[in-house]
Amino acid sequence: MRHVIGIFVFTILTTMFYYYVGQMVPQKETYPPEELTISKDLTTDQMVEIGEQIVGGKGTCLTCHTIGESGAHRFPDLGGIGNTAASRVQGQSAVEYLAESIYDPNAYIVDGYVAGMPAMHRAPTNLNDDEILTIIAYLQSLGGTPDVTMSSSHSFTGQNPAAAAGAAPVAAAPSMSENLDGAGLYEKYLCNTCHSVDTDAPLIGPSLYDAGNRMSTADIYESIVDPDAKLADGYPGGVMIATLNGMNFYDSVSPKDLKKLVDYIASKKGN
Amino acid sequence: MDRRKLPFTIITIVVLVLLGITVQNVMNSWSLERELMGPNIEAAPDAVTPETPHTTEYRTFPKIGSRVAIWIVAQLHLMFAAFVLAVPMFALIIEYIGYRNGDKKYDKLAYEFTKLLSVSFSFTATLGAMLTFMLMILYPKLTNYLIGIFSWTFFPYVLLFFAEAGFLYSYYYGWGKFSPKVHLALGLGLNIVGTAIMFIANAWLTFMNSPAGINEAGQLVSMWDAINNFTWMPINIHRILANVAFGGSIAAAYGAFKFLGATTEEERAHYDWMGYIGNFVAISAFLTLPFAGYWLAKEIYAYSQSLGIVLMGGTFSWLFIIQAVLIGNLFLAANYYLWVSMERIDGAERFKKFTKYLLAAIAVCFLVWATPHSLVASVEEARSMGGSHHPMLGVLGVMSAKNTAVNIMILTTYISFLLYRRGNKEPTVSWSRTGNLIQFSIFAVVISFVIFLGVYGYFVDTATRVGLSVPQVLSVLFAMVSVTAIDVFMYKNAKFKGEMRWGQIPARAQYALFFLAITFTWLMGLMGYVRAGLRQHWHVYGVMRDTSVDAFTPTLGFAAGVVSVTVMIFFTFIAIVFWLAGLTGKKDWEEDKQLETSSGLLAEEA
Amino acid sequence: MDLFGISFLGLNVVPIILVIAGLVALRMFFNLNTLAWMAAWWVGLYLMLSNGITVPLPGSIVGMFMGIITLALLVYLTTSGEDLEATKDFMVKFFTDSRYSPALLAFLVLLPSLVAYNVYTGMTQQPQAPVFGRTIHPPPPTDITFKGKKIDLVNDDNPYRILKETDPDAFAAHVANGRKVYYQNCVNCHGDDMGGNGMFAHAFDPIPASFKDPTTIAMLQESYLFWRIAKGAPGLPDESTPWSSAMPAWEKFLSEEDIWDVIIFLYEYTGYEPRAKEELH
C-alpha cells in the first residue's frame, strides 16, 4: 500500500510542478477584435450597447444633447427619456415617438426649445434604419426598459441597410480627405454644427467669425488638438473632444488637412 | 535526535520554505492585481433569455463554462485514444519478436500490455460519446457545420469502430487460442483499423485549423481537399509517433507500478524488464518527435504566415518555453533512468565516469532550448541590455540554436542507450578498437557538423536557415544508424563481463518512469491546447468565428491549470485501469477465502 | 582600474576566473562529499550567471537557468547509489551528530529567516512598473490600408528593391531619399547609428528598436517593416499588449515611396538582408 501512496503523492507533486512552471511565464489574455455588427438577431442588451456607441460616435448626438445634466440646455437633455418618451405625445408609443424625433426631428418640439436638429438618416450622419433602431433601444434604456427589437416597426423609413453592402460595422472611419479646401473641411468635419463662422452668434460652441483676430495659429492648433487646454468663458469642457473622438476626427485627419483647417479658421477676422 | 525523525524534520523545513514562497507569491499577485484592476467591480448577472431550439449557437455548461468542459473531455478522450491506438502497435511488435525467437517471455509481455487495453477501450468510447454529445449540446452551430462538411465520413468512422472492437477483443481474448500467425494477423488488423480511425478524426480537427476545400462562403467544394488539408498528414504522422511515445511511457508506468508492489523476486525481475521495454519504446518514438513537430510547424507557416507567427512568435511563444521545460525534463529523466538502471548491470561501472559529461551536455542544451526569444525584463534591465534582446541570449533564443540543442540532446540520449547496451559486454572481435574509433569519429564529426550548421544559420537568410534543419536531422539520423550498425557487428558473440540483474533496480528509477509518464501526459495536454488554441477566436480558422463568451484566449497559467486538472483526472482513470488489469492475476475469491480461513484455523490451532 | 570591468567576448573575466579558481581549490584542498560539492557548483554557477556576463542577464532568466541547473544537479546527486547513500548518511549525521549541532542550529535559524527576508523584501519593494513579457515581433495583419490603397503584407514586396539589380543609379536615388527621410524623422529615437539610442530614446519603455541588433530587421520581411512604420504603435494588434510603444503612425506624414525608401536605407546602412519571402504552396 505504501507504494500506492508514494505514487499518488509523486503524481500530484509533479503535476503541481508543471502547473507552477505555467504560472511563471507572462500571463496574458487575448481578446478577439471588437466587431459589433448589426444583425437581425441582436439581443436587447447588444442593441443598447451598439446604440450607445452610435450615439457617442457616428451619430454625433452628444454634440448637442446631454445625458443627465441639469441646467440650461440648448437641446433637450436625454436623461430619463426612456421614461418620458411614451407620454410626450398623446397616442404615440415610445418607439414611435423616438423614431419620429430621429427621422423627423422638427415634427414635435419640446417646450422651451427651438427647432434645429437635422434628420439623422440624411447626410452628414447617414444612419440607416437598423442603426436607428439600436439608438432607440439605447434611448429607451435611459430611465426605462427597452421594448424595441430589431424587428420592431414604426412609420418611418430611411435608408434600408440591406441596400448597403452587408452589415455595416459600427465604427466606420470617415473616408480619406478628397482634396477639400479649408471651408470644405470645415463642413466635412461638421465644425459648422457648433461654431458659426459668418456671424458672431454662438451656436453650441463659441463663434469663430473673428478667430483670426483673437487667436494665433498656434492657439487654433491647440484648440483643435487639445480643446480643453483653454476654454472660452461660459463653455463646458469635454464636449468638443468627445465629439471629435466620436467622429474619429483625430485618427482620420491628415496633418495637411489640419493645417488647411487652421488656416481657414485663422482667415476669419470678423467683418 | 532520533534517526527516524529525520524525514519529518526535512518535510517540516520544506513545507516552511514552500509556505514562505507561496505567501510571497500570493501577496505579490494580490498587490499587482489591486494596482492593475483597481476596486473589483462585479459584473451584473446576465439576463436570462429564452432560447429557441433551431437558432441556438451556444449553450453554457454550468460552473466551469462550455469551453473548459469540452476541453477537459476532449483531452481525456484523446489521451485514452492515444493509449488504445499505441499499445497494439508495440504489443504486436513484441509479440512478433517473441514469435520469431520463440522466447515465451516476449509473448507474455505483449499479453500484459494488451491486458491494459480492454478497459481503456471502453473508457475511450465512453469519453468519445460524451465529447460528441457535449459538442452537439454546447456548440450546436459548429457541430452542424462540421457535420455538413464531413457528412458521410462519419459512417466509416462508426463502422471502423465496430471493426476495432472486433479485432481488439478477438486479439485479447484469443491470446494463445489461435495459431500465432492468425493471431498476429488479428493484431495487424487492429492496428490498421485503429490508424484509419485516427486519420478520419484528424481530418475533422485539422480542417478546423487549416480549412480547405471550401469556397469563400464556407460551403463545401471538395471533400477530399477538406480532408487532405495542409496539416492533416503532418498531424497524422506526429500523432502516431506521439501516441507510441505516450503509450510506451504509460505502459512503463504500469511496469513501475507493478514493480513497486511486487512481492517476489521473479515478479520484480519481470516488471523491471517491462518498465525498461516500455521506456525503450517511449524514448525511441520520442527521439523522432522533434522532427515531426518541426514539419508540422512548417506546414502551419505554409498555410498561413499569421497563424505561424501566432504560434511561434505571438500569443503562444511562451507556451513553447513551458514545452522546452517539459521536453528538457523528459530528456533528463530518460537519461537518468538509463544511468540509474546501469547499476544493476555488472560491468557497467566502467561507464559511470561518462555520466557527468552526458549530464552536462544535456543541461547546457536544456538551458539553450529554454532561453526565450523575448525576455521578461524590467525597464532598467532592458536599458542595460541596450534593447529588448540580450546580446548573448538573443543569439540563443532563435531557432538555429534550439535546433542544434535538440539534436545534440537526441544524440546524447542515444549515447546513453549505447552505453547501457554495452553495459556487461566485452567485444571479442579483433577490430573492436578500430570500431570504437570509427564510432567515436562519427559522433565527433556529426556533432561538429550540427554545431557548424547551427552557427552557419546566423549568416544566411531565413529560407536557407529553415532548410539547414534538414541536413542537421539527416546527419543525426546517419550517426544513429551507422553507429548502431557497427555496434551490432562489434558486439556479436560478445563476452559477458557480468550479469544483468533484472529486478535489482532502485525504486527511484521506477519513479523516474512515473515522472516520464506524467510529463508525457502533461506535454500532450499542453500541445493539444496549443493546437486548438492556435485558432484563437475562430472555430474554423478564417471561416467560422467564435462568438461565444469563451472566444478569448486565456492566460497560459489558466491553461496550465486546466491541463493539470486533466492530467490528474487521467491518472485517476489510469489507476482504475491498472487496478482492473491487475485483478486478472489475482487469486479467486473463493480460493482466497478458503486460504484465509485455513490459515486462521491454523493460527487458532497454534 | 576596475578589475571587474575587464570584459572578453562579452564575459567578465575576473569573476569567472575567481569562480573557477574557487571550484578548483575546493577540489584540491577539501575532501567534500557529493552534496557539498553540488552545493559549491550551484553557488559557483549562480555567481557566474549573475556576475560573469558583461551585460547582466535579466533576473527572470537567471531564475529560470538556476531552476534547470538545480534539476540537473539533483539528477547528478541521485544517479549513483553510492553518492545517494553517502548523502543520506551525511544528512542523518547532520541532524543527529552533536558534532554538527552548531551548524544544524544555524541552518534551522537561517533557512526560515532567509525565507522571511525574501518575503519581507518582496513586500517592501518600492513601487515599480510591472514587468511584462513583450512579444517583440507581433503577428502582422495579412493586409493593411495605406491612404486608401490596399497593401498586401503577405505577397507585396518593396517595389524599389528590384532596382538594385536593374538600375543601380535609380536605386542609389532611393537610398538617398531614404537617408533623408531617416535623418529627418527617425533619428530622434532610433539614433544616428541606428542603435536605438537617439536623444529621445531614454524616455521610452520599451526603448526604440536597435536596427543593428541582428534579431530585428535582419529577421523580418520588408512588408513587415512597412506595416510597423505606416501604422506605428496604434496599429499593433490587441494581443500581447501592453505595448506602450511610442512609435508614431507615419502614414500620416510620409508617402508610400518614402516609407519603402527608408526601409531600403535601413538595410543598406546596416548591411543586413531582408528576410526572404517563404515559398507558399
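A few comments on the model shown:
- Helices (runs of 4 or more DSSP H) completely within region A:181-271 that count 1 or more residues being farther than 22 Å from A:Cys61 by Cα and in contact (Cβ under 8 Å) with a residue 60 or more places away in the chain: A:182-188, A:255-266
- Residue within region C:208-223 that is within 14 Å of chain A (Cβ to nearest Cβ), under 27 Å from A:Tyr31 (Cβ atoms), open to solvent by less than 30 Å² (accessible area, probe 1.4 Å) and modelled with pLDDT of 85 or more present: no
- Annotation: of all residues in region A:247-271 being open to solvent by less than 60 Å² (accessible area, probe 1.4 Å) and charged (D, E, K, R), the one that is farthest from the other protein chains (Cβ to nearest Cβ) is A:Lys268.
- Residue in region C:151-166 that is in the same structural domain as C:Ile259 (by TED's automatic domain parsing), assigned to a helix (DSSP H, G or I) and open to solvent by less than 30 Å² (accessible area, probe 1.4 Å) present: no
- As for region B:521-533, it holds at least one residue that is under 30 Å from C:Pro274 (Cα atoms) and within 13 Å of chain A (Cβ to nearest Cβ).
Okay, residues lined up against (1) at pLDDT below 85; (2) open to solvent by 40 Å² or more (accessible area, probe 1.4 Å); (3) assigned to a helix (DSSP H, G or I); (4) in contact with a Phe, Trp or Tyr (Cβ under 8 Å, 6 or more places away or on another chain):
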| site | (1), (2), (3), (4) |
| --- | --- |
| A:Gln53 | yes, yes, yes, no |
| A:Gly71 | yes, yes, no, no |
| A:Asn83 | yes, yes, yes, no |
| A:Ile109 | yes, yes, no, no |
| A:Gly112 | yes, yes, no, no |
| A:Ala119 | yes, no, no, yes |
| A:Ala123 | yes, yes, no, no |
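- Residue count for region B:297-322, restricted to those that are part of a helix (DSSP H, G or I) and hydroxyl-bearing (Ser, Thr, Tyr): 3
- Residues (at the interface with another protein chain (Cβ under 10 Å from one of its Cβ atoms), open to solvent by 30 Å² or more (accessible area, probe 1.4 Å) and either aliphatic (A, V, I, L, M) or not in a helix (DSSP H, G or I) (or both)) located in region B:323-361: B:Ala360
- For first residues located in region B:166-188 and without any contact (Cβ under 8 Å) to a residue 40 or more places away in the chain, partners that are of a type in the set (S, T, N, Q) and open to solvent by less than 40 Å² (accessible area, probe 1.4 Å) and lie 6+ apart or on another chain with Cβ distances below 6 Å form the pairs B:Leu186/B:Ser170.
- Counting the residues of region A:9-43 that are more than 8 Å from every other protein chain (Cβ to nearest Cβ) and either more than 30 Å from B:Leu375 (Cα to Cα) or charged (D, E, K, R) (or both) gives 9.
- Selection status of B:Ala517, within 12 Å of chain A (Cβ to nearest Cβ) and open to solvent by 40 Å² or more (accessible area, probe 1.4 Å): no
- From the list C:Ile162, C:Ile151, the one residue that fits, being of a type in the set (A, V, I, L, M) and within 33 Å of the chain's Cα centre (by Cα), is C:Ile151.
- Residues that are part of a helix (DSSP H, G or I) and among the small types (Gly, Ala, Ser) were ranked within region C:224-233; the one that is least open to solvent (accessible area, probe 1.4 Å) is C:Ala230.
- A single member of B:Thr547, B:Thr566 is in a loop (DSSP other than H, G, I, E, B) and not basic (Lys, Arg), and it is B:Thr547.
- Verdict on A:Ala218 being more than 16 Å from A:Tyr250 (Cα to Cα), of a type in the set (Gly, Ala, Ser), at pLDDT 85 or above and open to solvent by less than 50 Å² (accessible area, probe 1.4 Å): no
Matching residues to (1) surrounded by 14 or more Cβ atoms within 10 Å (Cβ to Cβ); (2) touching a Leu at 6+ places or on another chain (Cβ under 9 Å):
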residue	(1), (2)
B:Ser432	yes, no
B:Phe440	no, no
B:Tyr458	no, no
B:Gln472	yes, yes
B:Phe478	yes, no
B:Ser482	yes, no
B:Asp487	yes, yes
B:Met490	yes, no
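- In region C:55-68, the residues that are over 18 Å from B:Trp318 (Cβ atoms), within 7 Å of another protein chain (Cβ to nearest Cβ) and modelled with pLDDT of 90 or more: none
- A search for C-beta distances below 7 Å between a residue of region C:74-86 that is more than 7 Å from chain B (Cβ to nearest Cβ) and any residue that is open to solvent by 20 Å² or more (accessible area, probe 1.4 Å) and among the hydroxyl-bearing types (Ser, Thr, Tyr), counting only pairs 6+ apart in sequence or on different chains, returns C:Leu77/C:Thr34; C:Asp83/C:Thr34; C:Leu84/C:Thr78; C:Ala86/C:Thr34.
- C:Thr34 satisfies every condition listed in (1) crowded, with 17+ Cβ neighbours inside 10 Å; (2) more than 9 Å from every other protein chain (Cβ to nearest Cβ); (3) within 27 Å of the chain's Cα centre (by Cα) except (3).
- All of (1) of a type outside the set (A, V, I, L, M); (2) over 23 Å from C:Lys150 (Cα atoms); (3) modelled with pLDDT of 80 or more; (4) in a loop (DSSP other than H, G, I, E, B) hold for C:Pro248 with one exception: (2).
- Some residue of region B:536-558 being under 30 Å from B:Gly278 (Cα atoms) and more than 8 Å from chain A (Cβ to nearest Cβ): no
- Odd one out for B:Leu168 among (1) open to solvent by 40 Å² or more (accessible area, probe 1.4 Å); (2) among the hydrophobic types (A, V, I, L, M, F, W, C); (3) within 27 Å of the chain's Cα centre (by Cα); (4) over 26 Å from B:Gln219 (Cβ atoms): (1)
The values are calculated or read from the model by the stated rules, or taken from the named source; none is laboratory data. Only a predicted model underlies this, so the values are computations on that prediction, with no experimental measurement involved. Note that each Cβ is placed from the backbone with ideal geometry, even for glycine, and that neighbours are counted across all protein chains shown. Ligands, DNA and RNA are stripped out before the accessible areas are found, and what is left, the full protein with its side chains, is counted by its heavy atoms. Shrake-Rupley method; radii C 1.70, N 1.55, O 1.52, S 1.80 Å.
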